[in-house]
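I have placed the structure first, in the form of structure tokens, so that the comments after it can refer back to it.
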Amino acid sequence: MTRLTVDINNKKSEKAVKAVLEALGLNYELEQHAETTKRPLNKAEQRVYKNLKNSFEQIKLHQEGKIELQNAKEALAEIEASLKD
């Protein structure tokens, strides 16, 4: 058995796809998902996003051989030092 998942955002298209499935004699299930609305990030979320984005950029540069990253001991020492301040 094969399962096919299709996301449809248009009611007219949904009806057409259901009609084709029925014409082919195929079983199907419908799952309705509420659309999520995006909200602006608060300051804490913006800070986390900025930090993650920067980290991923550094990883990419490291993988390309353009920069050298700290080892774990150096990173932990830096974190400890920042906590003492």
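Quick notes
- Flag if Tyr49 is of a type in the set (Phe, Trp, Tyr) and at pLDDT 90 or above: yes
- Sub-8 Å Cβ pairs linking a first residue in segment 1-15 that is surrounded by 10 or more Cβ atoms within 10 Å (Cβ to Cβ) to a second residue that is acidic (Asp, Glu), at least 6 apart or interchain, are Ile8/Glu14, ordered by first then second residue.
- Residue that is farthest from the chain's Cα centre (by Cα) [pool: residues in segment 47-85 that are among the charged types (D, E, K, R) and part of a loop (DSSP other than H, G, I, E, B)]: Asp85
- Glu29 meets each of the listed conditions (1) under 30 Å from Val6 (Cβ atoms); (2) among the acidic types (Asp, Glu); (3) not in a loop (DSSP other than H, G, I, E, B) apart from (3).
- Against the test of being loosely packed, with under 11 Cβ neighbours inside 10 Å and either in contact (Cβ under 8 Å) with a residue 24 or more places away in the chain or closer than 30 Å to Asn9 by Cβ (or both), the options Lys43, Lys53, Lys66 yield a single qualifying residue, Lys53.
- Single unsatisfied condition, Ile59 versus (1) surrounded by 10 or more Cβ atoms within 10 Å (Cβ to Cβ); (2) modelled with pLDDT under 90; (3) not small (Gly, Ala, Ser): (2)
- Condition met for Ala44 (within 25 Å of the chain's Cα centre (by Cα), among the small types (Gly, Ala, Ser) and at pLDDT below 90): no
The values are calculated or read from the model by the stated rules, or taken from the named source; none is laboratory data. Please read all numbers here as calculations on a predicted model, not as lab measurements. When we count neighbours, we look across all protein chains shown, and the Cβ atoms used for this are built from the backbone with ideal geometry, even at glycine.
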